[in-house]
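J.: So that we are looking at the same thing, I have put the structure below in structure tokens.
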Amino acid sequence: MVTTTPPATDQNRSRRASSAVRPGDRIFSGLSKGSGITLLVIMAAIAVFLTYRAVLAISDDSANFFTTFEWNPAGDPPVFGIAVLAFGTIVSSVIAMAIAVPVAIGIALFISHYAPRKLAKPLAYVVDLLAAVPSIIYGLWGAIFLVPYLDGLNQWLDQYLGWTYIFDKSADGVARNMFTVGILLAIMILPIITNVTREVFLQAPKMHEEAALALGATRWEVIRMAVLPFGRSGIISASMLGLGRALGETMAVAVVLSPSFALSLHLLDPGGGTFAQNIAAKFNEADAYGRDALIASGLVLFVITLLVNGAARMIIARRKEYSGANA
Amino acid sequence: MSHAVQERPVALSKPRGPLSHARLPRWTPAAVAAGSIAAGIGIGLAAGWHSRTQWGMLAALLFVLVSYALTSKVEGARQAKDRVATSLVWVCFVLAVVPLLSLAWVTISKGIAVLDVYFLTHSMNGVLDAEAGGGVYHALLGTIEQVGIATLIAAPIGLLTAVYLVEYGKGRLAKAVTFFVDVMTGIPSIVAGLFVLSTWTLMLDFGPSGFAGAMALAILMMPVVVRSTEEMLKLVPNELREASLALGIPKWRTILKVVLPTAIGGITTGVMLAVARITGETAPVLLLVFGTKLINPNPFEGAQSSLPLYVYEQYQVGTDQSVARAWAAALVLIAFVMILNMVARGIARWKAPKTGR
């Protein structure tokens with residue numbers, strides 16, 4: 001952004017003025033550079049310290065950390081593993097993504113191309129606001145309001161889709177299960193995905209759209225031919241941002257799910273757990289070693305979200321390079 | 001003979017009338033929507049389904065199918081596809097709006113029942129779980145202190161980093177900072193909490209305190225501040241910088257006196273949005289601040305409470321009275337966050353930087 005001329009003129013002037021770089025400049029640029037470095041140091045420190053505590057914990061774990069279906073770091077010998085947590089985290093996020101991504105694309109299209117102008121602006125504003133609702137409030141609403149509402153849906157799914165195995169409900173009980181968690185997570189990540197995709201759809205080249213319209217395309221054909229291909233990488237990166245959010249969500253899951261350390265593919269049965277939920281639920285009763293064990297599971301979560309977010313950013317960055325070409 | 005040939009096209013086009021196809025009247029979508037909602041409720045009642053979610057889903061399904069059938073009959077296949085896409089988009093919109101409206105409605109209606117001045121000005125000291133009364137003052141105080149400290153840590157670092165990226169940053173370091181700021185935005189709040197736990201609490205052996213929570217919140221806040229400030233600084237027209245530098249003003253004074261004041265509206269907005277985001281974070285507070293029923297005005301020593309943590313604790317207790325308190329605290333929290341958001345967006349609109357032409 002900044003032109004490179006000012007340093008050049010500074011150098012020319014330095015023949016007359018005694019100092020080439022003013023002390024104020026040096027201090028200020030040093031400060032701002034230092035802040036940038038501080039951020040990098042914090043990221044590195046997070047990785048290093050979590051790894052350090054995790055290694056302490058895992059080296060005393062008598063079972064395999066990745067394949068054990070149990071969480072008992074206080075036992076003698078300590079036994080804990082993340083298999084159930086990893087499974088639950090992935091399953092709930094997959095459900096959330098399967099619901100949220102199509103709906104979010106729909107809403108984004110609604111705001112950018114379908115809604116009447118008068119409705120679109122306030123709607124975009126409301127979606128922005130919704131992205132800021134604290135997760136604990138989603139959790140409270142989910143536990144008290146959504147769970148009873150989904151009971152009927154659960155029974156219906158069990159009755160008609162029970163043969164698919166995953167929708168088979170083996171025990172009676174309220175819907176504090178992975179399926180409900182997935183739906184709640186979907187509702188939570190909806191505003192984030194919608195915001196990003198809407199921005200991308202609005203940037204779709206107007207010329208292409210008008211050309212398609214002029215050739216007699218219907219509105220859907222315009223979107224399919226001009227808007228969606230342009231927005232594809234935006235959709236992917238938005239989804240991955242949402243995925244990162246869903247993977248790390250703590251309180252909403254902790255409040256809604258009734259956890260257990262059993263690996264079950266029956267989505268409608270209560271049970272299972274996620275990384276973040278397990279940390280929040282087990283933290284208060286954990287001793288020093290138990291905390292290290294929880295930190296070890298947190299490290300796995302950190303690495304997963306790092307990979308997901310990094311991939312999302314790479315896709316966005318690649319997009320930037322050629323988006324300048326189409327004006 | 002030639003007469004007849006010339007007349008033929010006229011004869012053909014006559015039954016087709018004007019250039020456009022036959023079209024459904026404009027009120028069709030609304031009518032189909034009303035009809036399918038009625039049918040959904042009717043069938044739901046008749047079959048005795050418990051969940052109104054199912055009624056809604058049936059209505060949505062009927063809406064899409066009926067509009068497809070009608071349109072393909074009257075207007076043709078391409079128009080029908082278009083109509084289906086339109087109805088699907090509308091269904092998505094409704095699907096999203098229903099839970100979100102319900103969230104807002106439930107929180108307000110349940111929260112307002114307990115919320116009063118007493119609730120805002122008293123702590124939970126000596127209040128039993130199954131007892132009505134008590135309040136949220138200690139949590140409100142804790143939240144304000146923790147978020148304040150977090151802002152004091154994160155805002156300067158975030159601001160200066162953004163200045164570095166826009167005004168000075170070149171080469172590898174700037175690229176690395178940009179990338180990691182982006183990645184840092186996605187750190188789960190509980191991981192930030194665990195990091196502070198592993199250093200501050202486990203290594204340096206400090207007890208729970210508001211300050212520990214504030215550090216975790218600051219980690220979550222920094223990348224948000226950097227991102228928004230960066231965007232704002234990029235909007236400042238280069239001519240302003242060049243004019244100032246041409247007058248012989250040092251670069252640091254140019255940044256402080258010309259660039260930052262131009263973008264100050266947007267920067268304020270960004271910081272406030274970041275504050276709103278961390279205000280609602282529960283997980284790091286749960287790990288590091290611990291929660292208490294008493295008023296603890298000192299953020300550097302002893303457990304404190306905070307609004308989101310208070311909501312969680314009162315929900316966990318599970319009595320009718322405590323759940324009512326949880327809703328009221330949720331309402332306070334949501335009001336706090338929403339007011340911050342609206343003010344921030346108001347400032348953004350009011351003080352939008354002038355972008356050259």
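None of the figures in this text is laboratory data; all of them are computed from the coordinates on show. Predicted model, so just to flag it, every value in this text is computed and none were measured. All Cβ positions, even for glycine, are placed from backbone atoms using ideal geometry, and neighbour counts span all protein chains on display.
J.: Let me know the Kirkwood hydrodynamic radius for the range A:72-323, please, with Cα pairs as the basis and the value in Å to one decimal. Each step should come with its number before you reach the end.
T.: Working: mean 1/r = 0.0503 Å⁻¹.
Result for the range A:72-323, one decimal place: 19.9 Å.
J.: Counting helices only, and only those DSSP H runs with n ≥ 4, report the 222 nm mean residue ellipticity of chain B as the sum of -39,500 (n - 2.57) divided by its residues, in deg cm²/dmol to the nearest 500.
T.: Counting only the DSSP helices, I get -24500 deg cm²/dmol.
J.: Label 7 Å along Cα→Cβ of B:ARG78; the range A:205-219 residues with amide nitrogen under 17 Å?
T.: A:209-219
J.: I'm checking a number: the convex hull volume of the Cα atoms of the range B:137-350, normalised per residue, in Å³. What is it? Could the numbers behind the result be given before it?
T.: Working: hull volume 27.6 nm³, N = 214.
So the per-residue hull volume is 129 Å³.
J.: Mind checking the mean number of beta-carbon atoms from other chains within 10 Å of the Cβ atoms in A:292-305? Walk me through the numbers on the way to the answer.
T.: On the way: counts 2, 0, 4, 6, 1, 1, 10, 4, 0, 5, 7, 1, 1, 5.
Average neighbour count from other chains, rounded to a whole number: 3.
J.: Calculate the tail of P(r) for the protein assembly as shown: the fraction of all Cα-Cα distances greater than 47 Å, expressed in %.
T.: Numbers: 57591 of 233586 pairs.
When every Cα pair of the protein assembly as shown is considered, 25 percent fall beyond 47 Å.
J.: Relative to 2.2 N^0.38 Å, what does the C-alpha radius of gyration of the range B:62-156 come to as a ratio? Two decimals please.
T.: Rounded to two decimals, the normalised Rg is 2.05.
J.: If you plug each phi of the range A:120-130 into the Karplus form 6.51 cos²θ - 1.76 cosθ + 1.60 with θ = phi - 60°, what whole-Hz ³J(HN,Hα) values come out, in order, with x for Gly and Pro?
T.: Coupling constants for the range A:120-130: 5, 4, x, 5, 4, 5, 5, 4, 4, 5, 5 Hz.
J.: How high is the FRET efficiency between A:LYS121 and B:GLU239 when r is their beta carbon distance and R₀ equals 25 Å, given to the nearest 0.05?
T.: That gives a FRET efficiency of 0.25.
J.: Let me ask something else about it. Excluding B:ALA69 itself, what net charge comes from residues whose Cβ is under 14 Å from its Cβ, given Lys and Arg +1 and Asp and Glu -1?
T.: Details: positive: B:LYS73, B:LYS81, B:ARG83; negative: B:GLU75.
Surrounding charge for B:ALA69 is +2.
J.: Can you tell me the length gained on complete extension of the stretch B:ILE264 to B:ALA46, counting 0.36 nm per residue apart and subtracting the Cα distance? Before the final figure, lay out the partial values.
T.: On the way: separation 218, 0.36 × 218 = 78.48 nm, distance 6.06 nm.
Here the answer is 72.4 nm.
J.: Same structure again: Counting only other chains, and only Cβ atoms inside 10 Å, what mean value do you get across the residues of B:196-204?
T.: Across the residues of B:196-204, the mean count of other-chain Cβ atoms within 10 Å is 5.
J.: Can you tally the net charge around B:GLY134? Count Lys and Arg as +1, Asp and Glu as -1, for every other residue whose Cβ sits under 9 Å from the Cβ of B:GLY134. Don't jump to the answer; show the numbers that get you there.
T.: On the way: positive: B:LYS293, B:ARG325; negative: B:GLU131.
Summing Lys and Arg as +1 and Asp and Glu as -1 gives +1.
J.: Hey, another quick one. For the cross-link pairs A:LYS169/B:LYS81; A:LYS121/A:LYS206; A:LYS33/A:LYS121; A:LYS121/B:LYS170, which exceed 27 Å when the distance is taken from alpha carbon to alpha carbon? Don't jump to the answer; show the numbers that get you there.
T.: Working: A:LYS169/B:LYS81 37 Å; A:LYS121/A:LYS206 19 Å; A:LYS33/A:LYS121 39 Å; A:LYS121/B:LYS170 37 Å.
Violating the 27 Å Cα-Cα cut-off are A:LYS169/B:LYS81; A:LYS33/A:LYS121; A:LYS121/B:LYS170.
J.: Enter the per residue convex hull volume of chain B, computed from alpha-carbon coordinates, in Å³ rounded to the nearest integer.
T.: Values: hull volume 94.1 nm³, N = 357.
Convex hull of Cα atoms, per residue: 264 Å³.
J.: Dipole of chain A, Cα-centred, from +1 at each Lys and Arg C-beta and -1 at each Asp and Glu C-beta, to the nearest 20 debye?
T.: Details: 24 positive and 21 negative charges, 429 e Å.
That gives a dipole near 2060 debye.
J.: Then there is this: Quote the relative contact order of the range B:24-114 in percent (integer), defining contacts as alpha-carbon pairs under 8 Å separated by 6+ residues.
T.: Working: 53 pairs, mean separation 20.0, N = 91.
Answer for the range B:24-114 is 22 percent.
J.: Oh, and also: Mind checking the mean number of beta-carbon atoms from other chains within 10 Å of the Cβ atoms in B:97-105?
T.: Working: counts 5, 1, 12, 10, 1, 5, 10, 6, 2.
Shielding by partners across B:97-105 averages 6.
J.: If we count every other residue with Cβ under 12 angstrom of B:VAL317's Cβ, Lys/Arg +1 and Asp/Glu -1, where does the sum land? Before the final figure, lay out the partial values.
T.: Working: positive: B:LYS293, B:ARG325; negative: B:ASP129, B:GLU131, B:GLU313, B:ASP320.
Spelling it out: positives minus negatives among the neighbours equals -2.
J.: Then there's this: Can you tell me the dipole magnitude for the protein assembly as shown around its Cα centre, using point charges on the Cβ only (Lys, Arg +1; Asp, Glu -1), in Debye to the nearest 20? If you can, show how the numbers build up before the last one.
T.: On the way: 52 positive and 39 negative charges, 781 e Å.
Using Cβ point charges on Lys, Arg, Asp and Glu, the protein assembly as shown gives about 3760 debye.
J.: Still on this structure, I have one more. What percentages make up the Cα-Cα pair-distance distribution of the range A:197-247 when the bins are 10 Å wide from 0?
T.: Pair shares across the bins are 27, 43, 20, 9, 1.
J.: For a quick size check, give me the Cα extents of the range B:24-114 along its three principal axes, largest first, whole Å.
T.: Here the Cα extents, ordered largest to smallest, are 57, 27, 17 Å.
J.: Roughly how big is the range B:233-357's charge dipole about its Cα centre, with Cβ charges of +1 (Lys, Arg) and -1 (Asp, Glu), in debye to the nearest 20?
T.: Numbers: 13 positive and 6 negative charges, 171 e Å.
Roughly 820 debye for the range B:233-357.
J.: Just from its helices, what would the mean residue ellipticity at 222 nm be for chain A, if runs of 4 or more DSSP H residues each count -39500 (n - 2.57) and the sum is divided by every residue, rounded to the nearest 500 deg cm²/dmol? Don't skip to the end; give the middle numbers.
T.: Working: 13 runs with 219 residues, N = 327.
The helix contribution divided over chain A gives -22500 deg cm²/dmol.
J.: With contacts defined as alpha carbon pairs under 8 Å and 6 or more residues apart, what's the relative contact order of chain A in percent?
T.: Values: 426 pairs, mean separation 78.3, N = 327.
This gives 24 percent for chain A.
J.: Pick out, from B:SER102, A:GLY231, B:TRP327, the residue whose Cα sits farthest towards the positive end of the charge dipole of the protein assembly as shown, with +1 on the Cβ of Lys and Arg and -1 on the Cβ of Asp and Glu.
T.: Positive-end residue among those listed: A:GLY231.
J.: For the range A:221-327, what ratio Rg/Rh do Cα atoms give with a Kirkwood hydrodynamic radius? Kindly include the intermediate steps, with their values, before the conclusion.
T.: Details: Rg = 19.3 Å, Rh = 16.6 Å.
Ratio of gyration radius to Kirkwood radius for the range A:221-327: 1.16.
J.: At a Förster radius of 56 Å, what calculated FRET efficiency corresponds to the Cβ-Cβ distance of B:ALA69 and A:THR67, to the nearest 0.05? Show your work: numbers first, answer last.
T.: Numbers: r = 52 Å, r/R0 = 0.93.
Given R0 = 56 Å and the Cβ-Cβ separation, E is 0.60.
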